[in-house]
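Participant: Structure incoming, see below.
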Amino acid sequence: MRYQSLLFVASFLCIASLASADLITYDVTVNTSSISGTMGSLDFQFNPGPLVSEPATLQILDFASNGTLNPPPLPTGDVTGVLPGMLSFDNLTALNDYFEAFTYGTMLAFDVSISSMAGGTSGSAFAFSMFSDAAGTIPTLTTDTTDGFAFTVGVNFDGSTTVTPFSSQTTVVPAVATVPEPDSLTLVGTAIALMGTLLWFQTRRQRVPSQNRARRI
């Protein structure tokens with residue numbers, strides 16, 4: 001009975017570990033004082049690689065700026081939300097993009113939070129771009145004159161991430177360490193509770209026959 005109980009719990013823990021994902025967050029700040037007053041645009045993308053990418057999600061949080069967003073935004077693919085509120089992306093379609101006109105102030109800031117699982121044969125990538133025109137054709141504050149990337153975050157096969165900077169005015173700093181998602185912690189806690197319950201019932205079943213024999217004697 002004890003072997004079967006431990007085998008069940010071990011199986012449950014394996015499922016929990018497979019379901020776990022990495023949550024990685026970056027704090028982003030951009031010094032836009034050199035283009036303050038410019039009527040331009042911002043672009044956020046989160047796209048899968050060309051082969052098989054493991055499911056991943058990304059959120060833009062805590063957007064703040066003394067500049068001005070100029071709606072309406074132009075979302076494409078699997079992206080929901082509206083700045084300055086939370087934006088949510090996944091990588092289930094080829095192009096997932098959020099574009100909005102923006103009048104620059106002296107700074108802007110936001111958090112990028114990525115949840116991904118290891119595996120697949122092709123990673124995913126996030127990119128943040130800035131332009132000095134509302135149509136999104138003239139990159140600004142970046143050495144990437146083709147796409148206007150200020151920085152990119154690549155999601156690797158093992159679930160880790162790699163930041164590539166293109167803008168000296170943009171700072172990207174890890175905000176929190178990699179931790180299991182709450183759902184995974186719940187599964188592990190449930191497994192431990194089940195193990196304790198099974199062991200309690202096993203101990204109780206062993207004591208009852210012993211007590212019955214003592215009464216007969």
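Participant: Based on this model, can you work out whether Gly136 counts as modelled with pLDDT of 95 or more, at positive phi, touching a Leu at 6+ places or on another chain (Cβ under 7 Å) and surrounded by 17 or more Cβ atoms within 10 Å (Cβ to Cβ)?
Facilitator: Details: modelled with pLDDT of 95 or more: yes; at positive phi: yes; touching a Leu at 6+ places or on another chain (Cβ under 7 Å): no; surrounded by 17 or more Cβ atoms within 10 Å (Cβ to Cβ): yes.
No, not satisfied.
Participant: Select, from Ala101, Ala127, the only residue that is modelled with pLDDT of 95 or more, surrounded by fewer than 21 Cβ atoms within 10 Å (Cβ to Cβ) and in a strand (DSSP E or B). Show your work before the answer.
Facilitator: Working: Ala127 fails: surrounded by fewer than 21 Cβ atoms within 10 Å (Cβ to Cβ).
Exactly one of Ala101, Ala127 is modelled with pLDDT of 95 or more, surrounded by fewer than 21 Cβ atoms within 10 Å (Cβ to Cβ) and in a strand (DSSP E or B), namely Ala101.
Participant: Right, another one. Regarding Met86, is this residue over 23 Å from Thr164 (Cα atoms), modelled with pLDDT of 95 or more and of a type in the set (A, V, I, L, M)? Spell out the reasoning first.
Facilitator: On the way: over 23 Å from Thr164 (Cα atoms): yes; modelled with pLDDT of 95 or more: yes; of a type in the set (A, V, I, L, M): yes.
Here the answer is yes, as Met86 does meet what is asked.
Participant: Separate question: From the set of residues in segment 45-74 that are under 13 Å from the mean Cα position of the chain (by Cα) and modelled with pLDDT of 95 or more, which is surrounded by the fewest Cβ atoms within 10 Å (Cβ to Cβ)?
Facilitator: Per the criteria, the residue is Leu61.
Participant: Filter segment 104-124 down to the residues that are buried (at least 17 other Cβ atoms within 10 Å of the Cβ) and among the β-branched types (Val, Ile, Thr), then identify the one that is farthest from Pro73 (Cα to Cα).
Facilitator: Ile114
Participant: Another question, if that's okay. Looking at Leu42, Leu7, which is the one that is assigned by TED's automatic domain parsing to the domain that holds Pro139 and either modelled with pLDDT under 90 or under 26 Å from Ala135 (Cβ atoms) (or both)? Give the derivation first.
Facilitator: Details: Leu7 fails: assigned by TED's automatic domain parsing to the domain that holds Pro139.
Step by step, each of Leu42, Leu7 is checked, and only Leu42 is assigned by TED's automatic domain parsing to the domain that holds Pro139 and either modelled with pLDDT under 90 or under 26 Å from Ala135 (Cβ atoms) (or both).
Participant: Inside segment 144-161, can you point out the residues that are at pLDDT below 95 and either in contact with a Lys or Arg (Cβ under 8 Å, 6 or more places away or on another chain) or not charged (D, E, K, R) (or both)? It would help to see each step written out before you state the result.
Facilitator: Filtering segment 144-161 down to residues at pLDDT below 95 leaves 145-148, 154-161.
Of everything in segment 144-161, those that are at pLDDT below 95 and either in contact with a Lys or Arg (Cβ under 8 Å, 6 or more places away or on another chain) or not charged (D, E, K, R) (or both) turn out to be Thr145, Thr146, Gly148, Gly154, Val155, Asn156, Phe157, Gly159, Ser160, Thr161.
The values are calculated or read from the model by the stated rules, or taken from the named source; none is laboratory data. Just so it is clear, the model here is predicted, and its values are computed rather than measured. Every residue, glycine among them, receives a Cβ derived from its backbone with ideal geometry; neighbour counts consider all protein chains shown.
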